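Peer 1: Encoded as structure tokens, here's the structure I'll be asking about.
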Amino acid sequence: MQQFETIQKASKENVDAALKAFGATSKGVQTLAVEATDYAKKSFETGTATLEKLAGVKTLDKAIEIQTDYVKTAFEGAVAQMTKMGELYAAIAKDAYKPFEGIVAKAVPATK
């Protein structure tokens, strides 16, 4: 009877941990979606503004300058965004694992 209660308690802990991990993952994915949408919107706006600038130039030198500035800014923005998204993915993994830390600690004996 006591073994049944132990198994039942362990099963409940596993389900609770899984639900908490799912909640953390869902929240993280929502954050990623918002971040990706914001970046896409900003990128589109920057591209549109650059096209408007290019439409009004009178010299090739000015067009090259505008395009060079755009490419530099777009590249820096993309690198920053990739870094930020990587950090968000790492945070999601960390938050999703937290509920299982206690379970894993019980299951794996400490090495001395």
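The values are calculated or read from the model by the stated rules, or taken from the named source; none is laboratory data. The structure displayed is predicted, hence computed values, not measured ones. Methodologically, a virtual Cβ is constructed for each residue, glycine included, from the backbone with ideal geometry; neighbour enumeration extends over all protein chains shown. Ligands, DNA and RNA are stripped out before the accessible areas are found, and what is left, the full protein with its side chains, is counted by its heavy atoms. Shrake-Rupley method; radii C 1.70, N 1.55, O 1.52, S 1.80 Å.
Peer 1: Could you say which residue among Val57, Val79, Val104 is under 25 Å from Ala18 (Cα atoms) and either more than 17 Å from the chain's Cα centre (by Cα) or of a type in the set (A, V, I, L, M) (or both)?
Peer 2: Numbers: Val57 fails: under 25 Å from Ala18 (Cα atoms); Val79 fails: under 25 Å from Ala18 (Cα atoms).
Of the residues listed, the single one that is under 25 Å from Ala18 (Cα atoms) and either more than 17 Å from the chain's Cα centre (by Cα) or of a type in the set (A, V, I, L, M) (or both) is Val104.
Peer 1: Considering only region 44-83, how many residues are basic (Lys, Arg) and touching a helix residue (DSSP H, G or I) at 6+ places or on another chain (Cβ under 7 Å)? Outline the logic, then answer.
Peer 2: Going residue by residue through region 44-83, those that are basic (Lys, Arg) are 53, 58, 62, 72.
Then keep just the ones that are touching a helix residue (DSSP H, G or I) at 6+ places or on another chain (Cβ under 7 Å); that gives 53.
Summing the residues that are basic (Lys, Arg) and touching a helix residue (DSSP H, G or I) at 6+ places or on another chain (Cβ under 7 Å) in region 44-83 gives 1.
Peer 1: Then there's this: Where residues in region 1-35 are acidic (Asp, Glu) and either at pLDDT 80 or above or under 14 Å from Ala91 (Cβ atoms) (or both), which of them is least open to solvent (accessible area, probe 1.4 Å)? Reasoning before the result, please.
Peer 2: Taking region 1-35 as the starting set, the residues that turn out to be acidic (Asp, Glu) are 5, 13, 16, 35.
Within this subset, residues satisfying the condition of being either at pLDDT 80 or above or under 14 Å from Ala91 (Cβ atoms) (or both) are 13, 16, 35.
Working: Glu13: 57, Asp16: 60, Glu35: 33 Å².
Looking at residues that are acidic (Asp, Glu) and either at pLDDT 80 or above or under 14 Å from Ala91 (Cβ atoms) (or both), I get Glu35.
Peer 1: Inside region 36-94, can you point out the residues that are surrounded by 13 or more Cβ atoms within 10 Å (Cβ to Cβ) and outside any helix (DSSP H, G or I)?
Peer 2: Val57
Peer 1: Can you list residue pairs whose Cβ atoms sit under 9 Å apart, with the first residue in region 37-65 being touching a residue at least 40 places away in the same chain (Cβ under 8 Å) and within 18 Å of Glu76 (Cα to Cα) and the second being in a helix (DSSP H, G or I) and aliphatic (A, V, I, L, M)? Count only pairs 6 or more apart in sequence or on different chains.
Peer 2: Listed by first residue and then by second, the contacts come to Tyr39/Ala78; Tyr39/Met85.
Peer 1: Filter region 95-112 down to the residues that are open to solvent by 70 Å² or more (accessible area, probe 1.4 Å) and of a type in the set (D, E, K, R), then identify the one that is modelled with the lowest pLDDT.
Peer 2: Lys112
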